1. What residue, among those in segment 397-414 that are out of contact with any Gly (no Cβ under 8 Å at 6 or more places or on another chain) and among the hydrophobic types (A, V, I, L, M, F, W, C), is nearest to GLU223 (Cα to Cα)?
2. Taking ILE173 as the residue in question, decide whether it is touching a strand residue (DSSP E or B) at 6+ places or on another chain (Cβ under 6 Å) and in contact (Cβ under 8 Å) with a residue 24 or more places away in the chain.
3. Does ARG538 satisfy the criteria of being modelled with pLDDT of 90 or more, basic (Lys, Arg) and either open to solvent by 20 Å² or more (accessible area, probe 1.4 Å) or closer than 28 Å to ALA140 by Cβ (or both)?
4. The conditions are (1) over 16 Å from THR210 (Cα atoms); (2) modelled with pLDDT under 90, and LYS462 fails exactly one of them. Which is it?
5. If PHE232 passes every condition in (1) surrounded by fewer than 22 Cβ atoms within 10 Å (Cβ to Cβ); (2) in contact (Cβ under 8 Å) with a residue 12 or more places away in the chain; (3) not basic (Lys, Arg) but one, which one does it miss?
6. How many residues are assigned to a loop (DSSP other than H, G, I, E, B), within 19 Å of ILE104 (Cα to Cα), open to solvent by 50 Å² or more (accessible area, probe 1.4 Å) and among the acidic types (Asp, Glu) if we restrict to segment 174-199?
7. Kindly indicate which of LEU546, LEU526, LEU559 is in a helix (DSSP H, G or I), over 30 Å from LEU160 (Cβ atoms) and among the hydrophobic types (A, V, I, L, M, F, W, C).
8. Looking at VAL304, VAL242, VAL271 in this structure, which one is of a type outside the set (S, T, N, Q) and not in a helix (DSSP H, G or I)?
Amino acid sequence: MRTELDLAMDSTMAALTAPDGMLALGSAERFGVTLPTIAAAPPALSYYFAHYSNEHRDTVFLVSGNERLTFGEVYAAAERTARALVGSHGVGGYGIAKGDRVGIAMRNSPSWIVLYMGIIIAGGVATLLNGWWQSEELEAAIGEVDCALVFADPPRVKRLAQIAGLTAPVVEIDDSRVLDAALAPVFAKDDHTADLPLLGPEDHATILFTSGSTGQSKGALSEHRSVVQGIFNYLGQAMMMVGIATAQGNPPVGQPVTLLTIPLFHITGEVPVFLQSFAMGRKLVLMPKWDAGEAMRLIEAEGVTYFVGVPLMSFEILNHPDRANYDLSTVTDFAAGGAPRPVDHVRRIDEEMGGSAPLIGYGLTETNAVGTGNWRGNYLAKPNSAGRPGAPLVDLAILDDAGHPLDQGQRGEVCIRTICNFKEYWNRPDATAAAFTADGYFRTGDIGYLDEDGYLFIVDRKKDIIIRGGENISCQEVEAALYEHPAVAEAAVFGLADERFGEVPGAVVVPQDGETLTPDDLTAFLHQHIAAFKIPQRIWISEEPLPRLGTEKIDKVSLKATYRALA
């Protein structure tokens, strides 16, 4: 039975998307299907940045330590960056052409944000490299999409320097300095005669990397229309909740403020947090590294109104011994994504956070973060659910392996069809074809069902991945790294339950005959090849061969059962 909040959300969204509403719907064709769009959305991110940066030009946009930058200041820096990028090599510019992939390998900072905007305005493809990757992972991703240029902060520059034969030029950005000083090498190449390109909805905009069951990360390419429509779908959700609060006599007051706790190279950090902030005139308070105590200090000092992170973050605030020393009452919602929250965590946020409400969202890199949302009282009533499809653009279905819809309550693959979906995996036509049904549903790899109220419940995964605190880890990739060790004969990686992260990697390894291995040896070896978050927390050494199925594949079901009991 639909709740009172469900009814209010539906009626408010219907008014917003009516022909005379602020978010009136249009349409676009894809996969031979007519899909809804939000007609008011600009055709490309370049116009989006220009319009809203001008609208909020004197409003503070970024807070990073003692540095405070307005929307106008950030946009002016982005334009300077764009002109430097498109400027010809002959006059000192970088010579970036429309469609060139330009990598960013940096921690969160004002420089990261300005570089992203500048790349987009210049017509480049903002290629977001995972800042936690080691040299081999960076090399694979840069080579995968053939980056023309890479911007990197000092720690990432050191890792890139270890790559033999790296063809992409690397520009070091010392983002520990204030924006003008950090980007001085770029601004020095500002070509005032350079013409910035006109961009359209089908031009390439972004590449983010996704870990699936196949091991090596794939570059998920999105067009401008997909990203902009994803932003506006989130904006519609925000406007819907503001409309409900206003109708209830509790309208929001003052500038919205969000603490940027999650990496900008992740889709949640990029789309609903960073990019949506332009239209909202929202202040972003940057945290270069997560720390629950510092987060609470910043919430109080900056009047943060909306908190979003992986579930671990709100869990650490909830359990922090100093929580009572901080005023967190400005936060209306403690939102999370990337992984499910424990039921007890959901209820404790409602009961202990002084009026802040719990919220969870479900989306993927390939959907530009749009998917489902479970809000406030609805989340308390159904704390195991990822919520309902995000109106107005998301069409969610539960399909069988052949792509046929299943009845309500039946378990199948969660599939999402929307104009916000990515275009393709870069240079991977077979993987792209396998990711979509013939009529345009993206296959998420998650198994779930819809209840009688249209709420999604995710119960399993088809993909062989582990979700550690919101970070996807390919079991196959970690296994491949283990097999690089000359003394490893067999290896299997799987998820172990963890109170803090939800899940962490575990591994069972069989040494080669006559070889001796220890967990510490393997951990040290893996640190040289893969990011730290992918390294198994527990490694067991087995003297017996790993169990096999009739197909000769390793029997992970029995391995999981055996070793999870030992963890």
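The values are calculated or read from the model by the stated rules, or taken from the named source; none is laboratory data. These numbers come from a predicted model, not from an experiment. With ideal geometry, Cβ positions are generated from the backbone for all residues, glycine too; neighbour counts draw on all protein chains shown. Only protein heavy atoms, including side chains, enter the accessible area calculation; ligands, DNA and RNA are left aside. Shrake-Rupley method; radii C 1.70, N 1.55, O 1.52, S 1.80 Å.
1. In this case the residue turns out to be ALA397.
2. It is true that ILE173 is touching a strand residue (DSSP E or B) at 6+ places or on another chain (Cβ under 6 Å) and in contact (Cβ under 8 Å) with a residue 24 or more places away in the chain.
3. Working: modelled with pLDDT of 90 or more: yes; basic (Lys, Arg): yes; either open to solvent by 20 Å² or more (accessible area, probe 1.4 Å) or closer than 28 Å to ALA140 by Cβ (or both): yes.
Spelling it out, ARG538 is indeed modelled with pLDDT of 90 or more, basic (Lys, Arg) and either open to solvent by 20 Å² or more (accessible area, probe 1.4 Å) or closer than 28 Å to ALA140 by Cβ (or both).
4. Checking LYS462 against (1) over 16 Å from THR210 (Cα atoms); (2) modelled with pLDDT under 90, the one that fails is (1).
5. Of everything listed in (1) surrounded by fewer than 22 Cβ atoms within 10 Å (Cβ to Cβ); (2) in contact (Cβ under 8 Å) with a residue 12 or more places away in the chain; (3) not basic (Lys, Arg), PHE232 misses just condition (1).
6. 1
7. LEU559
8. When all the criteria are applied, what remains is VAL304.
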